[in-house]
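**Q** Before anything else, here's the structure in question.
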Amino acid sequence: MARKQQQQQPGTVHTQPGEHPRVPQGLASMAQQRRVQLSTQRPTSTVCVLGTELSLDICGSAPKDAVAFHVQGTPGVKLYVVHETHSVKLPSLVGRWPLAAGAEVLLAMDTISKDVGDEKVRVSYFGESGGVPIGRAMLYLTCVEVSLDADTSRSGAVSRTLLDKASWTWGPDGHGAILLVNCDRDEPRARAPGSRTPDSLDTAIRSYADLKDMSQLVLRTRGPRTIFTGHRLVLHTDYSNAHRVGVFYSGNSVALEDYKHVLGGLKLAYTIKPSRHQDESIFYVEGLAFPDVDFSGLVAFHVTLLESPEKGLLETPIFTDTVVFRVAPWIMTPNTLTPLEVFVCSVKNNEGFVAAVRAMAENAKCPLTVCPPLENRQDRWIQDEVEFGYIQAPHKTFPVVFDSPRDGGLMDFPIKSILGPDFGYVARQAPEGASGLDSFGNLEVSPPVSVQGKEYPLGRILIGSSFPRFGGRRMAKAVKDFLFAQQVQAPVELFSDWLHVGHIDEFLTFVPAPDRKAFRLLLASPSACYQLLKEKQEEGFGEAAMFEGLQKASKPTISEILANEELRKFNAYVQSCINWNRDILKRCLGLAEQDIIDLPQLFHGKVDSGAEAFFPDMVNMLVLGKHLGIPKPFGPVVGGQCCLEGKVRALLEPLGLTCTFIDDFYSYHVLLGEVHCGTNVRRKPFSFKWWHMVP
């Protein structure tokens, strides 16, 4: 075992074999180390960066006949001898060491130099006779500080840290800097319709608000300024991720026009000229891409100090400091989070629906945004076009709308009307062609759950697919890859291709609850509907009919529905499909039967073409806190009340929920959608910070 022996300064004191000196901070095995060649022909000069150590090549510069060496330094240098010979016994006051293979001297400095070369180390070599040295090597040292820092402690501000800046770890005790994708639009002059693009597509800074979306990267340089004229400082990033970040720098100026795009894209390196008057250079870093199938989300930045040995020779790196950022993921918000804004489209003949949603939003004290016909082009399915989520770093949080590949009449609405200051935008396309499963009625997220000891504090994303049916429709690969790459809401795939439209919001939703897991999973249930209708028939209400008060709608009675064998068989098939999903949801969300409520619902259709709701699909509801906007089912009236509405109230009102039944029959239901399909909600972000979890 080699051991480090300190030479105390001034003077030359060695430690006896067998002693184990405590190696001070800065010379631990993790310190960045650099080998320095010495010469007995001419003095050597070099830089020692604070927090690093230099390894002196003692043997390489030794004269031919040397058998021992002695090393001595000025007071600002801490010297240590690494020697393999434990058996050598030297006189206690003689600081000479045998010149054995592998012998080296390590040195560190902990005080910034005031002048170039103000600290020195001298190595003396001795022959067999001892006495006068047969050669000497001189080393002139300048100690400087070069440090690249970011908010690695996730406090919201950049500070010096002993944390490993070159690594990124998850969890409440984790560390590592965080970067936001600069996907909002803060530029005031770009607010004209048709000219919207996210700030991430711009390489200029035109507002101070834009800078606030970015993370700071701070370079600290201290030491004699003349040293930095003979050396070069370069900020650089890796080629593989350069197109995913942008870095801006203004020197010492605060004027917007002085912020220049210095790194990112095709710019892989930037030479920094340290100011004579300031020790810090502040860079602003923006993310340009979310984590995805080909991008882990981790980006490294480096600052390297380069030394020019002699004119005409290439510079050599003598020190590198590295900071790693993780790009913040896009996060979905479940029904259990507080609603902040409701969206609905105004189209031909849906005035009553919009009025009902408006009244419900007022009761829930939630602002309503109505997308006008000019913007929606008669596309009422705002749930299918977009999904609202958010991104978060310690210094900033803002909502981000995810635009689906569906691209109906609403295709321009997100980019023209939603993208803006502190409201971001992200989209994914389906080059293979979008299917019905790419609409975002097929994209939901559960509330927070715990599954066999594994915590999902931000819930789990739910998407519908064709499994267990092979060869059916499936979600676009680009969308699915994006969702999985965010990591923090580990997606679960459900079976939705049995439906004609194919969206999971046709058979499930979540509502808040005061007990258990703080929510209930609601599932559409043909078997619960048949059980309810059978009860009403046995109570003598078999002649009560569906769809009373609706013109042009056939009005089957309870007895006729129960006698329809084809309908019963089809609903048995539908129930088996929902049961398949029930089992997946129980397993993947850690649910018990007490966490699930079955809402009565019937479907009709054919196995080949898919199932459609027989009456307005009550599970396809709008959830605004404790206020539920439920499609009015127009069920059989028993005792002056729709028995379907009565059953749903009996199931949900004990949870403290208020049920409002909204007539969407002709405005949405006959077009194969319901209340949820025709609305959308932006919700308050989780109070839980995503970086505190462990995916």
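**Q** Which of the numbered conditions does Arg520 fail, given that it passes all the others? Conditions: (1) assigned to a helix (DSSP H, G or I); (2) among the charged types (D, E, K, R); (3) buried (at least 21 other Cβ atoms within 10 Å of the Cβ).
**A** Result: Arg520 passes all but (1).
**Q** Considering only residues that are part of a loop (DSSP other than H, G, I, E, B) and of a type in the set (Lys, Arg), look in the stretch 95-148 and name the one that is nearest to Leu56 (Cα to Cα).
**A** Among those that are part of a loop (DSSP other than H, G, I, E, B) and of a type in the set (Lys, Arg), it is Arg96.
**Q** For Leu306, state whether it is farther than 27 Å from Asp184 by Cα and free of Cβ contacts under 8 Å to residues at least 60 places away in the same chain.
**A** no
**Q** What is the one condition in (1) crowded, with 18+ Cβ neighbours inside 10 Å; (2) assigned by TED's automatic domain parsing to the domain that holds Gly251 that Pro334 does not satisfy?
**A** (2)
**Q** OK, next. Would you mention how many residues in the stretch 651-667 are in contact with an Asp or Glu (Cβ under 8 Å, 6 or more places away or on another chain) and crowded, with 20+ Cβ neighbours inside 10 Å?
**A** 2
**Q** What residue, among those in the stretch 578-601 that are in a loop (DSSP other than H, G, I, E, B) and not aliphatic (A, V, I, L, M), is nearest to Ile461 (Cα to Cα)?
**A** Out of the qualifying residues, it is Gly590.
**Q** Give, as residue ranges, the strands (runs of 3 or more DSSP E) completely inside the stretch 1-64 that count at least 2 residues that are under 23 Å from Pro224 (Cβ atoms), within 46 Å of the chain's Cα centre (by Cα) and modelled with pLDDT of 60 or more.
**A** Here the list reads 33-37, 44-49, 53-57.
**Q** Take the residues in the stretch 612-650 that are touching a Gly at 6+ places or on another chain (Cβ under 7 Å) and part of a strand (DSSP E or B), then tell me which one is surrounded by the most Cβ atoms within 10 Å (Cβ to Cβ).
**A** Leu622
**Q** Right, here's the next one. Can you pull out the residues in the stretch 353-387 that are surrounded by fewer than 17 Cβ atoms within 10 Å (Cβ to Cβ), touching a strand residue (DSSP E or B) at 6+ places or on another chain (Cβ under 7 Å) and without any contact (Cβ under 8 Å) to a residue 24 or more places away in the chain?
**A** Residue satisfying the conditions is Arg358 alone.
**Q** Would you call Gln72 of a type outside the set (Phe, Trp, Tyr), assigned to a strand (DSSP E or B), modelled with pLDDT under 95 and surrounded by 18 or more Cβ atoms within 10 Å (Cβ to Cβ)?
**A** No: the conditions fail for Gln72.
**Q** Also: Name every residue in the stretch 273-285 that is at pLDDT 90 or above and more than 16 Å from Gly246 (Cα to Cα), in order of residue number.
**A** Once the filter is applied, which keeps residues that are at pLDDT 90 or above and more than 16 Å from Gly246 (Cα to Cα), the stretch 273-285 yields Glu280, Ser281.
**Q** Quick one: count up the residues across the stretch 641-694 that are hydroxyl-bearing (Ser, Thr, Tyr), under 34 Å from the mean Cα position of the chain (by Cα) and closer than 25 Å to Gly502 by Cα.
**A** Number of matching residues: 1.
**Q** Then there's this: Tell me, which residue of the stretch 272-288 that is over 28 Å from Asn182 (Cα atoms) and polar (S, T, N, Q) is surrounded by the most Cβ atoms within 10 Å (Cβ to Cβ)?
**A** Applying the filter and picking the extreme gives Ser275.
**Q** Additional query: Scan the stretch 269-282 and give yes if some residue there is in the same structural domain as His236 (by TED's automatic domain parsing), among the aromatic types (Phe, Trp, Tyr) and farther than 30 Å from Val479 by Cα, otherwise no.
**A** Taking every residue of the stretch 269-282 in turn, at least one turns out to be in the same structural domain as His236 (by TED's automatic domain parsing), among the aromatic types (Phe, Trp, Tyr) and farther than 30 Å from Val479 by Cα.
**Q** Report whether or not Arg587 is surrounded by fewer than 19 Cβ atoms within 10 Å (Cβ to Cβ), at pLDDT 95 or above and under 30 Å from Val449 (Cα atoms).
**A** Yes, satisfied.
**Q** Can you tell me which residue in the stretch 527-544 is farthest from Ile597 (Cα to Cα), limited to those that are touching a strand residue (DSSP E or B) at 6+ places or on another chain (Cβ under 6 Å) and not in a helix (DSSP H, G or I)?
**A** Glu543
**Q** Can you confirm whether Gln489 is part of a loop (DSSP other than H, G, I, E, B), under 31 Å from the mean Cα position of the chain (by Cα) and among the polar types (S, T, N, Q)?
**A** Answer is yes for this residue.
**Q** Check every one of the strands (runs of 3 or more DSSP E) wholly within the stretch 295-362 and list those with 3 or more residues that are over 30 Å from Leu162 (Cα atoms) and out of contact with any Pro (no Cβ under 8 Å at 6 or more places or on another chain).
**A** Per the criteria, 339-345.
**Q** Next up: Which one is nearest to the chain's Cα centre (by Cα), of the residues in the stretch 420-458 that are in a loop (DSSP other than H, G, I, E, B) and under 17 Å from Asp481 (Cβ atoms)?
**A** Step by step, filter the stretch 420-458, then rank; the result is Arg428.
**Q** Among the residues of the stretch 661-695, which ones are among the polar types (S, T, N, Q), farther than 11 Å from Phe353 by Cβ and touching a strand residue (DSSP E or B) at 6+ places or on another chain (Cβ under 9 Å)?
**A** Across the stretch 661-695, the qualifying residue is only Asn680.
**Q** Quick one: what pairs do we get from the stretch 129-157, first residue free of Cβ contacts under 8 Å to residues at least 24 places away in the same chain, second part of a loop (DSSP other than H, G, I, E, B), C-beta under 9 Å, 6+ apart or different chains?
**A** From the stretch 129-157, the pairs are Ser153/Ser159; Ser153/Thr161; Ser153/Leu163; Ser153/His175; Ser153/Pro394.
**Q** Which is among the β-branched types (Val, Ile, Thr) and surrounded by fewer than 21 Cβ atoms within 10 Å (Cβ to Cβ), of Val451, Val479, Val488?
**A** Exactly one residue qualifies, and that residue is Val451.
The values are calculated or read from the model by the stated rules, or taken from the named source; none is laboratory data. Predicted, not measured: the structure shown is a model, and the values here were computed from it. Virtual Cβ from ideal backbone geometry, glycine too; neighbours counted across all protein chains shown.
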